[in-house]
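**Student:** Okay, here's the structure, questions in a sec.
Computed from the coordinates by the stated procedures, all read-outs in this text should not be read as laboratory data. What you see is a predicted model; the values in this text were computed from it and never measured. Positions of Cβ are generated from backbone atoms using ideal geometry, with glycine treated the same way; all protein chains shown enter the neighbour counts.
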Amino acid sequence: MNIHSIPAFNDCYIMQHEDIELFATTLADGFSQYNMFKYICYGTYNHDLMRLFWEVSLALLPDNAICIADSKDANSVLVYIPPKSKEPSLLDYMKAGGVKMLFKFGIRRIIRLTRFNIEIEQVAKRYRTANDGYLMAFATRLDKQGQHYGKPLITALLNHLDASGESCYLETLKAENVALYQHFSFQLKGQTDSQLGNLTLFAMHRSVNPIS
């Protein structure tokens, strides 16, 4: 999929390979208030570690992924993985910086991160179908939040999904985000209490061409 040829994203900035570090920095900043990421870092959020986590995650995106920002400054970033995309292999992970991440995080943090990923996968098995795309990340830098940098991104994505007939699944770790996504026609499908850090995972789904 050539995202540059999709009209819905004409007004968005599309991530290039050289933008990975900047996009990762925005995601690390935007998610810094989430308790899960503080839990992974043993109570004190480590921006450098989480930026590395997002760098590896972005480098692992399949070729058909949609990774967009409001501008080249990447004040707000959205990452979407279409349905039935190729899953990264262990070799892909190593090439994307997995060895560096293992070294920097240490075994204890990697174990916590792995346990969290397992919980995410278990929730997805209950509520996500094979035909659902996955809204992997959507965040705005803390100093830009509340200034509507993210709205054009989610609007562009949903316009594309409606035009292409794709349903979408996501999880959020903040209860206050549920109303935000409901505003964009996502429905709350279920919530699961995590065994990690007294957290709740909210699973949400948006049907093909939902009726508002």
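**Student:** How large is Rg over Rh for the chain, taking Rg from the Cα atoms and Rh as the Kirkwood inverse mean of 1/r across Cα pairs?
**Tutor:** Dividing the radius of gyration by the Kirkwood radius yields 0.93.
**Student:** Something else now. Could you list, in their original order, any pairs among Lys38/Lys104; Lys38/Lys174; Lys95/Lys151; Lys38/Lys144; Lys38/Lys100 whose Cα atoms are separated by more than 23 Å?
**Tutor:** Details: Lys38/Lys104 16 Å; Lys38/Lys174 14 Å; Lys95/Lys151 33 Å; Lys38/Lys144 21 Å; Lys38/Lys100 20 Å.
Violating the 23 Å limit, Cα to Cα: Lys95/Lys151.
**Student:** So, with +1 on the Cβ of K and R and -1 on the Cβ of D and E, and no other charges, what is the size of the charge dipole of region 35-123 about its Cα centre, to the nearest 20 debye?
**Tutor:** Working: 12 positive and 9 negative charges, 78 e Å.
Dipole size: approximately 380 debye.
**Student:** When the helix-only estimate is applied to the chain (DSSP H runs of n ≥ 4, each -39,500 (n - 2.57), divided by the residue count), what is the mean residue ellipticity at 222 nm, nearest 500 deg cm²/dmol?
**Tutor:** -12500 deg cm²/dmol
**Student:** If you don't mind, there's one more thing I want to ask. Please work out the C-alpha center-to-center distance from region 18-60 to region 101-143 and express it in whole Å.
**Tutor:** 12
**Student:** I've got another one for you. If you take the alpha carbon radius of gyration of region 114-212 and divide it by 2.2 N^0.38 Å, what ratio comes out, to two decimals?
**Tutor:** 1.10
**Student:** Along the charge dipole of the chain, which of Tyr42, Phe31, Leu135 sits closest to the positive end, that is, farthest toward it, with unit charges on the beta carbon of Lys, Arg, Asp and Glu (+1, +1, -1, -1)?
**Tutor:** In the chain, that residue is Tyr42.
**Student:** Between Ser5 and Ile111, what is the spin-label point distance in nm, taking each point 7 Å from the Cα along the Cα→C-beta axis?
**Tutor:** Between Ser5 and Ile111, the simple spin-label model gives 4.9 nm.
**Student:** How many nm is it between the label spots at Thr44 and Ala130, if each spot is 7 Å from the Cα in line with the beta carbon?
**Tutor:** 4.8
**Student:** Just want the answer: with Cβ charges of +1 for Lys and Arg and -1 for Asp and Glu, which residue in Leu161, Phe53, Pro83 is farthest toward the dipole's positive end in the chain?
**Tutor:** Phe53
**Student:** Follow-up. Between Ile118 and Ala179, what length comes free when the chain is fully extended (0.36 nm per residue of separation minus the Cα-Cα distance, one decimal in nm)? Display every interim value, and only then the final one.
**Tutor:** Working: separation 61, 0.36 × 61 = 21.96 nm, distance 2.58 nm.
Computed gain between Ile118 and Ala179 is 19.4 nm.
**Student:** Roughly how many debye, to the nearest 20, is the charge dipole of region 3-206 about its Cα centre, given +1 on each Lys and Arg Cβ, -1 on each Asp and Glu Cβ, and no other charges?
**Tutor:** 660
**Student:** Suppose R0 equals 30 Å. What FRET efficiency, 1/(1 + (r/R0)^6) with r the Cβ-Cβ distance, do Asn64 and Asn35 give to the nearest 0.05?
**Tutor:** 0.40
**Student:** Follow-up. May I ask you to derive the relative contact order of the chain, considering only C-alpha pairs under 8 Å and at least 6 residues apart, and to give it as an integer percent?
**Tutor:** Here the relative contact order equals 23 percent.
**Student:** Could you give each residue of region 150-160 its phi-based ³J(HN,Hα) in whole Hz, using Karplus coefficients 6.51, -1.76, 1.60 with θ = phi - 60°, and x for Gly or Pro?
**Tutor:** x, 4, x, 6, 5, 5, 4, 4, 5, 4, 5
**Student:** Calculate, in nm to one decimal, what Gln195 and His148 gain on full extension: separation in residues at 0.36 nm each, minus their alpha carbon distance.
**Tutor:** Working: separation 47, 0.36 × 47 = 16.92 nm, distance 3.36 nm.
Gain in length upon complete extension: 13.6 nm.
**Student:** Once label points are set 7 Å from the Cα along Cα→Cβ at both Glu18 and Lys95, what is their separation, rounded to one decimal in nm?
**Tutor:** With each label point 7 Å from Cα toward Cβ, the separation is 2.2 nm.
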